[in-house]
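Novice: Sharing a structure here in structure tokens format.
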Amino acid sequence: MSENGGLERIESPVTARGYFLCGFAAFGGILFGYDSGYINGVLGMDYFKREFGHPTTLDNSGYNIKTWEKSLITSILSAGTFCGALAGGSVADWIGRRLSIMIACAIFSAGVVLQVASTTVEMLVCGRVLAGFGVGLVSAIVIMYMSEIAPKAIRGAIVSGYQWAITIGLLLASCVNQGTHEYDNSGSYRIPIAIQWLWAIILGVGLFFLPESPRWFVKKGRHEEARYALSRIRGQPSDSDYIKDELAEIQANYEFEANISKATWFDCFKGLGRSGNFRRVLIGVFLQMFQQWTGINFIFYYGTTFFQTSGISNAFLISLITNLVNVLTTPLSFWMIERFGRRSILIGGAALMLVCEFIIAAVGTALPGSSTASTILIVFVCIYIFGFATTWGPAAWVVIGEIFPLPIRAKGVALSTASNWLWNFVIGYITPYMVDPGEGNLQAKVFFVWGSTCTLSLLFAYFFVPETKGLSLEQVDQMMAESTARTSAKWKPHETYGQRMRRETGAAAAQVTDKHDATGEKGSL
Ligand code: BGC
């Protein structure tokens, strides 16, 4: 670090172009949202049922897709995304964050080709598993790429942009389905599937012009390339003191971490103490699990049918409204996450959501089928979505991008993202068994389940999630080693890694000198 490099010099100032570069990768969220959203509508299209289904008298279209086929077509995506997210942990370290995302876009596109071309369930399933693998890779790697290149003061806001893109993807999927579902030709399902190419092309080609993460170059020991990449991202000349200082701090932190831990998968499961890797992996994995257990996807995956069975006549419109609330309120989080911090909004958001869930459950159970219950359902579902969109939606992604030290960051983010997809699948799979009339038939009581699980999410955030706002990734690393979740918000940076390394090497050298003095070795020179 240059002479004047101190705590205030661990990050360079950023130009407007730098902000744009950092925000672009958020586009990956569109792939995530659209891909999870389009299949619901497609499965309900008459032409699709005729093409892929079997003759029946049970469906108005005269054809239906068997339950096991529906469940396979829907859930196979999660198998692909889960494996893709995990693979991201190795691939992103091996060939770099940026190249991995570009390759993921190519894999995703191949999956889309298979789906567009398919006229059988088998081929469709193969296409979805492949596309899912690409989405899984993208979902894990985009988070680490964005977290690694974003300036610390707005890192939360930038990564929240990814969540916003997810919500836009979900909304776009429901709009496109709405537009094509009545076509009496294969365009009805082929158009919604094929449109995804566009997202993959924009992301893949766009990344071609973006720099690699300087932190990955540091990890690979390619320091000159790291300097050049950092200077492009920050919009500063590569020989400026700012770039020198920021790079020196990233290098010092990496050397410090690499001295205490290696970077294998096995190392992710070591150390439960404050600075331990396993502690951080558990926080990431459980945070993503509890994001799913807030119950959000009950609304996005099963909302329409639930509103119908609750006696709401315009259920499609209400579903569209829930999607709109999601898209329109997410940007508020850009400000909230930097103003109040990650930990606070996770706690506050869970509190708001669980109150809404218990109100819906209590009124719906006390006055089933009444217009009061329907109004309460609609109003509180919208407030609940606002609660998710401004807190757990973005913050769960932001935090997993921040809590891992560089040596295991790719793997930690991958494990956490895989947990999101795993629980997404588990909840999607078991929900029909809780609510279908022939099964659990819980009706509004299902919200007692979501209210209870959301209470666990609140407790988890309170006891385990640290405050990471306003710190560089290297300072987050230090904060986690020196504080607990509950004391983290008060922690203040007090030393750079460069200073610490110098202090420790200085102390070690002094010790050696003392020892030598004591044994008279020095004198013998
Ligand atoms: C969640 C998804 C959810 C979406 C809704 C994401 O953060 O991981 O499961 O469908 O938010 O906006």
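The values are calculated or read from the model by the stated rules, or taken from the named source; none is laboratory data. Every value quoted in this text rests on a predicted model; they were computed, and no experiment measured them. Reconstructed Cβ throughout: ideal geometry from the backbone, glycine too, with neighbour counts over all protein chains shown. Only protein heavy atoms, including side chains, enter the accessible area calculation; ligands, DNA and RNA are left aside. Shrake-Rupley method; radii C 1.70, N 1.55, O 1.52, S 1.80 Å.
Novice: Long-range amide H contacts for Tyr63: which residues qualify at under 5 Å (H placed 1.01 Å from N, peptide plane, sequence gap of 5 or more or a different chain)?
Specialist: For Tyr63, the qualifying residues are Thr56.
Novice: Also, I was wondering about something else. Lysines near Lys492 by alpha-carbon distance under 18 Å, same-chain residues fewer than 8 away left out - which ones?
Specialist: Qualifying lysines at Cα under 18 Å: Lys152, Lys469.
Novice: At 1.4 Å probe radius, can you tell me the per residue accessible area of the chain in Å²?
Specialist: Values: 20780 Å² over 525 residues.
Heavy-atom accessible area per residue stands at 40 Å².
Novice: I would also like to ask the following. Calculate the length of the line joining the C-alpha centroid of the range 255-286 to that of the range 312-338, in whole Å.
Specialist: 36 Å
Novice: Between Thr365 and Asp184, what FRET efficiency comes out of the Förster formula 1/(1 + (r/R0)^6) with R0 = 56 Å and r the beta carbon distance, rounded to 0.05? It would help to have the intermediate numbers written out before the result.
Specialist: Working: r = 43 Å, r/R0 = 0.76.
Working from the Cβ atoms, E equals 0.85.
Novice: Points 7 angstrom from Cα along the Cβ direction at Val379 and Asp239: gap in nanometres?
Specialist: A separation of 6.7 nm, rounded to one decimal place.
Novice: Sort Val135, Val176 by accessible area with a 1.4 Å probe, largest first. Write out the running numbers ahead of the final one.
Specialist: On the way: Val135 5, Val176 30 Å².
In descending accessible area the options line up as Val176, Val135.
Novice: Could you tell me the accessible area of Phe334 in Å² (1.4 Å probe, neighbours in place), rounded to the nearest ten?
Specialist: Phe334 has an accessible surface of roughly 60 Å² with all protein chains in place.
Novice: With a 1.4 Å probe and all protein chains kept in place, how much accessible area does Met102 have, in Å² rounded to the nearest 10?
Specialist: Counting only protein heavy atoms, Met102 exposes about 40 Å² to solvent.
Novice: Hey, another quick one. Take each of the peptides 157-170, 78-91, average the number of other beta-carbon atoms within 10 Å over its residues, and list them starting from the highest. Write out the running numbers ahead of the final one.
Specialist: Numbers: 157-170: 25.4, 78-91: 23.8.
Most protected by this proxy first, the peptides run 157-170, 78-91.
Novice: Would you calculate a helix-derived [θ] at 222 nm for the chain, using -39,500 (n - 2.57) for each DSSP H run of n ≥ 4 and dividing by the full residue count, to the nearest 500? Let's see the in-between values first.
Specialist: Working: 23 runs with 388 residues, N = 525.
Value at 222 nm, helices only, nearest 500: -24500 deg cm²/dmol.
Novice: Can you tell me which lysines have their Cα less than 19 Å from the Cα of Lys220? Leave out same-chain residues fewer than eight positions away.
Specialist: Result set, ordered by chain and number: Lys244, Lys262, Lys411.
Novice: Under a cut-off of 19 Å between alpha-carbon atoms, report the lysines in cross-link reach of Lys49, not counting same-chain residues fewer than 8 places apart.
Specialist: Lys66, Lys70
Novice: Between Glu255 and Glu439, 0.36 nm times their residue separation minus their Cα-Cα distance comes to what? Walk me through the numbers before you get to the answer.
Specialist: On the way: separation 184, 0.36 × 184 = 66.24 nm, distance 5.62 nm.
Answer, rounded to one decimal: 60.6 nm.
Novice: Might you work out the accessible area of Arg486 for me, using a 1.4 Å probe with all protein chains in place, and round it to the nearest 10 Å²?
Specialist: Only protein atoms counted, so the area is about 130 Å².
Novice: About its Cα centre, what dipole magnitude does the range 270-509 give when the only charges are +1 on Lys and Arg Cβ and -1 on Asp and Glu Cβ, stated in debye to the nearest 20?
Specialist: Details: 17 positive and 11 negative charges, 171 e Å.
Charge dipole of the range 270-509: 820 debye, to the nearest 20.
Novice: With 10 Å bins from zero, work out the P(r) of the range 15-210 over every alpha carbon pair and list the percent per bin.
Specialist: 10, 36, 31, 16, 6, 1, 0
Novice: By per-residue mean of other Cβ atoms within 10 Å, what is the highest-first order of 388-396, 110-118?
Specialist: Details: 388-396: 27.3, 110-118: 19.0.
The packing order, highest mean first, is 388-396, 110-118.
Novice: If you don't mind, another one. Taking the Cα centre of the chain as the origin and placing charges on Cβ (Lys, Arg +1; Asp, Glu -1), which of Ile296, Ser231, Trp491 is farthest toward the positive end of the dipole?
Specialist: Final value for the positive-end residue is Trp491.
Novice: Also, quick follow-up: Please compute, over every Cα-Cα pair in the chain, the percentage with a separation greater than 41 angstrom. Each step should come with its number before you reach the end.
Specialist: On the way: 33501 of 137550 pairs.
Considering the chain, 24 percent of its Cα-Cα pairs are separated by more than 41 Å.
Novice: Quick check for me: using +1 on Lys/Arg Cβ and -1 on Asp/Glu Cβ, what's the dipole size of the chain about its Cα centre, in debye to the nearest 20?
Specialist: 440 debye
Novice: Further question: Could you size up the charge dipole of the range 139-219 around its Cα centre, putting +1 on the beta carbon of Lys and Arg and -1 on that of Asp and Glu, and report it in debye to the nearest 20? Don't skip to the end; give the middle numbers.
Specialist: Numbers: 5 positive and 4 negative charges, 88 e Å.
Computed charge dipole of the range 139-219: roughly 420 debye.
Novice: Under the 0.36 nm per residue contour assumption, what length would be gained going from the current alpha-carbon distance of Met123 and Lys262 to full extension? The partial results should precede the final answer.
Specialist: Numbers: separation 139, 0.36 × 139 = 50.04 nm, distance 4.16 nm.
Contour length minus the Cα-Cα distance gives 45.9 nm.
Novice: Taking the mean number of other Cβ atoms within 10 Å as a proxy for protection, how do you rank 249-262, 282-295, 45-58 from highest to lowest?
Specialist: 282-295, 249-262, 45-58
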